[in-house]
Amino acid sequence: MTDPAHVWHGRVQHHLDAAGRPALGSMADWEVFPFERDGLVPKPIGERVVPEPDRSRPAEQCGTCKALAREDLLLHTGQRLAVIRPGGTSLMFVANITSQQHERLDDLDDDADAELGRLVARTYRALKALPGVGNVQVSKWENGGGHLSVNVLARPLGVLELRGSNLPIWADMLPNIPQAEYDARAEVVRAALA
Ligand SMILES: [Zn+2]
């Protein structure tokens, strides 16, 4: 059978320059795109790598497992899932909905799926209710680490440049908020999730 991803990759070649780079897309003209169009250079798309390298880490090397073991980073313990936060953030608040064990979204059963939906909604609302939060974005990118993590990111109110799906790129460029401020908000979120 023809590999559909091989077909996809072949089709894309006609849209790349000699170095394998695509042209900038319309997103570069978005009002909320973090970079100015001039000088932006897309990375080349190289050969496919199949099978893909295993990016998973054992539980002993997993940052999510380490965070789950820290009382200050653990915000809520559910049936099979939990809510944690990273040690620092440049945003108003960041939470991660994760499994208590070192497992992936692929491993959850129907009950855990339902718990995940509830926790995403409750965590979203808890962050949205924090003073100074304009909006809250939810995403799931973790595929390699081997530990389920749904990211919930709270944007500062009125900072319109940070709106939308580029919020994590902005978060990476901006300085962390003071730890005491972040810790105080964690108490509010913990209480809201209890
Ligand atoms: Zn883990």
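Take the residues in region 82-98 that are of a type in the set (S, T, N, Q) and more than 15 Å from LYS140 (Cα to Cα), then tell me which one is surrounded by the fewest Cβ atoms within 10 Å (Cβ to Cβ).
Across region 82-98, the extreme among qualifying residues is SER90.
If you scan region 16-56, which residues turn out to be outside any loop (DSSP other than H, G, I, E, B), modelled with pLDDT of 95 or more and not hydrophobic (A, V, I, L, M, F, W, C)?
Within region 16-56, just PRO22 meets the criteria.
Against the condition closer than 20 Å to GLN137 by Cα, of a type outside the set (Ser, Thr, Tyr) and over 21 Å from the mean Cα position of the chain (by Cα), how does GLU36 come out, does it pass?
no
Those residues that are assigned to a loop (DSSP other than H, G, I, E, B) and either without any contact (Cβ under 8 Å) to a residue 40 or more places away in the chain or open to solvent by less than 50 Å² (accessible area, probe 1.4 Å) (or both), I need them from region 143-156; list them, please.
Across region 143-156, the qualifying residues are GLY144, GLY145, GLY146, HIS147, LEU148.
Right, VAL32: farther than 30 Å from ALA114 by Cβ and in contact with a Ser or Thr (Cβ under 9 Å, 6 or more places away or on another chain) or not?
Working: farther than 30 Å from ALA114 by Cβ: yes; in contact with a Ser or Thr (Cβ under 9 Å, 6 or more places away or on another chain): yes.
Answer is yes for this residue.
Among the residues of region 80-89, is there at least one that is away from the ligand (no atom under 16 Å from the Cβ) and not aromatic (Phe, Trp, Tyr)?
Yes, region 80-89 contains at least one residue that is away from the ligand (no atom under 16 Å from the Cβ) and not aromatic (Phe, Trp, Tyr).
Cβ-Cβ below 9 Å, separation at least six or inter-chain, first residue in region 99-126 and open to solvent by 80 Å² or more (accessible area, probe 1.4 Å), second within 16 Å of the ligand (Cβ to nearest atom) and part of a helix (DSSP H, G or I): which pairs?
From residues that are open to solvent by 80 Å² or more (accessible area, probe 1.4 Å), the pairs are GLN101/ALA59; GLN101/CYS65; GLN101/ASP107.
Would you mind telling me which numbered condition in (1) more than 13 Å from the chain's Cα centre (by Cα); (2) open to solvent by 30 Å² or more (accessible area, probe 1.4 Å) LYS140 fails?
Unmet condition: (1).
Would you tally the residues in region 38-64 being more than 16 Å from the ligand (Cβ to nearest atom) and surrounded by 10 or more Cβ atoms within 10 Å (Cβ to Cβ)? Explain how you work it out, then say what you get.
Looking only at region 38-64, we keep the residues that are more than 16 Å from the ligand (Cβ to nearest atom), and these are 38-53.
Of the ones still in play, those that are also surrounded by 10 or more Cβ atoms within 10 Å (Cβ to Cβ) are 40, 42, 44-45, 48.
The qualifying residues number 5.
Within region 65-79, restricting attention to residues that are within 16 Å of the ligand (Cβ to nearest atom) and among the hydrophobic types (A, V, I, L, M, F, W, C), which residue is surrounded by the fewest Cβ atoms within 10 Å (Cβ to Cβ)?
ALA69
Output the strands (runs of 3 or more DSSP E) that fall wholly within region 70-142 and possess 1 or more residues being closer than 22 Å to ILE169 by Cα, or say none. Please lay out each step first, then the result.
Working: elements: 74-77, 81-84, 93-99, 133-139.
Hits in region 70-142: 81-84, 93-99, 133-139.
Return yes when VAL189 is at pLDDT 95 or above, over 30 Å from MET27 (Cα atoms) and open to solvent by less than 70 Å² (accessible area, probe 1.4 Å) and no when it is not. Spell out the reasoning first.
Working: at pLDDT 95 or above: yes; over 30 Å from MET27 (Cα atoms): yes; open to solvent by less than 70 Å² (accessible area, probe 1.4 Å): yes.
In short, yes.
The values are calculated or read from the model by the stated rules, or taken from the named source; none is laboratory data. Small disclaimer: the values here were computed from a predicted structure and weren't measured. Note that each Cβ is placed from the backbone with ideal geometry, even for glycine, and that neighbours are counted across all protein chains shown. Calculation scope for accessible area: heavy atoms of the full protein, side chains included, ligands and nucleic acids excluded. Shrake-Rupley method; radii C 1.70, N 1.55, O 1.52, S 1.80 Å.
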